Amino acid sequence: MFFVLREPLVPAHGDRSRSLTLGGLFAALALLCVPAQSAQPAAPAPAKAEPQNSSLDAPLFYQLLIGEIELNAGHPGAAYEVMLDSARRTRDEALFKRAVEIALQGRAGDKALEATQAWRQAAPDSIDARRYQLQILLALNRPDDAGEPFKSWLALTPPDQRSALIAASPRLLQRMNDRKQAATLLERWLASYRDDPQTRTATRVALGRMWLAASDPAKALQLAQQAAADDPPAAAPMQLAIELMPARPEAEPMVVQYLSRPQAETGVRLSYVAALTRSQRYAEAAQQLDRLTQAEPNLAPPWLTLGALRLDMKQPREAETALKRYVDLVRKQPAAAPNAGDDSDNDGAGDDDRRLTQAWLLLAQIAEQRGDLKASEAWLARIDDPKSALEVQSRRASLLARQGQMAQARELIRRVPERTGEGARAKVLAEVQLLREFKRWRDAVDVLSAANKRFADDADLLYEQAMLEDKLDRHAEMERLLQRVIALKPDNAHAHNALGYSLADRNIRLPEAKELIQKAMSLAPGDPFIVDSMGWVEFRLGHRDEALRWLRQAYAARPDTEIAAHLGEVLWAAGKHDEARRVWQDARGRDATNEVLKGTLARLKVNL
């Protein structure tokens, strides 16, 4: 009797069980009909080479045919027995693999394991047999038994490939529920490689990733530091350190020191930029990209990221320069040959096409911001990507709205086809964004109120409506909506921060406000806007020095206009008028229309 595995296995290297047709038979026959010697690099054949027979004879052909027929008939147990018997008689690895696949199709873990054991007896040096056996043991929740096949697989691996296998080993254990047990197992399995100069870096990084997954970042950091000390030029310890940054900020100096070296790998710098961007530390991310684009000016992707960051930082001229450089570099590259095996994108648009579309959209936005609507439309006209239809029409809608045609603009967004519920939701957010951009707060609230009936308890839509209710000074409704978001998603840092900041800004319930902001900070450490909120609530509480510390930190990470308004006000209150004016002037140079900055200057009666 076959028993059922808790979940089906997918063998490594993308192998998938064949469909239950005679195609399985013909695939097995094709493998058997190839002489064994052809698996090795072919040498020039003698002029009169003797013909070589395959192991396929009439009885074996009949046996394989019976096995596949049994499988088609819904009798995987019989098919498995026939195939395994054929494999044992021929000692052919392709047939052992087929027997394992049949067992896996039938969710029969013990039978699949039996086949791998027979396979290893027939082919003692087979790496595939050990790989399958390891995966099956882990799927059967027998990790203690998986050590032997893993260690013997590692021992059989050529020395120059061993570090790569060690580096990939955490993925083998990622399905284990007990992450600490998984890390302990891998430590035991890799013990003999931890101090070997050829494998110690890969071993320590792999173990560091396992301990990070097991919620022990201190141990992971120690391993990353050891690996970096033993092999200073290595990139892998730095990648681990970047992964550790959210939990262990002391990992960051390792990365900064590494990137100060001329031989620092580009991949590490790009990973660091991504980490900085996720933390909204855009100014620092832009500095890293400036260094990278100076060192490698013909590398296209960093220019796109730099352009997007500069635009977000209200630096449109610098953004436009970077984006045009990106477009020029991509246009000069030879077109990539289509990959027939890649079905990740059914409409044929590859990664470069999507990135180019993003660049054109950003360039259209920059042209629109400076009032050049014709140039903006020219950039949009270059885009021919169905997946970007909503983004393109949203930008065209903004152009119409700038010409006083808001009704037509909204209709343009609404006419975009929606294939899924997510597409309909995205259209709602696009229309709301358009209305927000032109300060049509009430219209935006109406759109979201209707959407929240259609998409009940959608935390993102509720959050958006709460922010708009705040614009209308309907604070009770805003609080109700944010409390609902927090109930739906207790880990939503933005909802905690928004509610805490609103209370602090209105100078009410300050202890509650601080508690909410502290919770937000624990959920999203280092987020500049949350750090800004902490500085603002400390100011409201009368803790001026603490307020300055937090606000300086927030502004250094992200020189946003609203953060500048807060920092300037606290500096002004502290009597540091010259520094306050410099901060405000810098912010006004980037965004003179910001309402918070204008309101702050008016309230304090400051003329810049």
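The values are calculated or read from the model by the stated rules, or taken from the named source; none is laboratory data. Predicted model, so just to flag it, every value in this text is computed and none were measured. Every residue, glycine among them, receives a Cβ derived from its backbone with ideal geometry; neighbour counts consider all protein chains shown. We work out accessible area using only protein heavy atoms, side chains counted, and drop any ligands, DNA or RNA first. Shrake-Rupley method; radii C 1.70, N 1.55, O 1.52, S 1.80 Å.
Some observations on this one:
- The residues of segment 264-279 that are more than 16 Å from Pro233 (Cα to Cα) and assigned to a loop (DSSP other than H, G, I, E, B) amount to a single one, Ser279.
- Within this structure, Glu377 passes the test of being open to solvent by 20 Å² or more (accessible area, probe 1.4 Å) and part of a helix (DSSP H, G or I).
- Across segment 483-497, the number of residues qualifying as within 27 Å of the chain's Cα centre (by Cα) and assigned to a helix (DSSP H, G or I) comes to 9.
- Selected residue (criterion: nearest to Pro316 (Cα to Cα)) from residues of segment 370-407 that are at pLDDT 95 or above and among the polar types (S, T, N, Q): Ser376
- If you check Leu482, Leu399 for being in contact (Cβ under 8 Å) with a residue 24 or more places away in the chain and either out of contact with any Lys or Arg (no Cβ under 9 Å at 6 or more places or on another chain) or crowded, with 19+ Cβ neighbours inside 10 Å (or both), only one passes: Leu399.
- Residue in segment 532-581 that is most open to solvent (accessible area, probe 1.4 Å), counting only those that are under 15 Å from Gln280 (Cα atoms) and of a type in the set (A, V, I, L, M): Ala556
- Among residues of segment 185-242 being in contact with a Pro (Cβ under 8 Å, 6 or more places away or on another chain) and not in a helix (DSSP H, G or I), the one that is most open to solvent (accessible area, probe 1.4 Å) is Gln198.
- When segment 139-171 is filtered for residues that are part of a helix (DSSP H, G or I), among the aliphatic types (A, V, I, L, M) and in contact with a Leu (Cβ under 7 Å, 6 or more places away or on another chain), the ones remaining, listed by number, are Ala139, Leu154, Leu165, Ile166.
- Of the residues Ala580, Ala520, the single one that is closer than 25 Å to Asn492 by Cβ, among the hydrophobic types (A, V, I, L, M, F, W, C) and in a helix (DSSP H, G or I) is Ala520.
- Among the residues here, Arg88 qualifies as farther than 28 Å from Leu190 by Cβ and open to solvent by 60 Å² or more (accessible area, probe 1.4 Å).
- Taking segment 409-438 as the range and being without any contact (Cβ under 8 Å) to a residue 24 or more places away in the chain, open to solvent by 20 Å² or more (accessible area, probe 1.4 Å) and either among the charged types (D, E, K, R) or closer than 11 Å to Glu391 by Cα (or both) as the test, the residues that pass are Glu411, Arg414, Arg415, Glu418, Arg419, Glu422.
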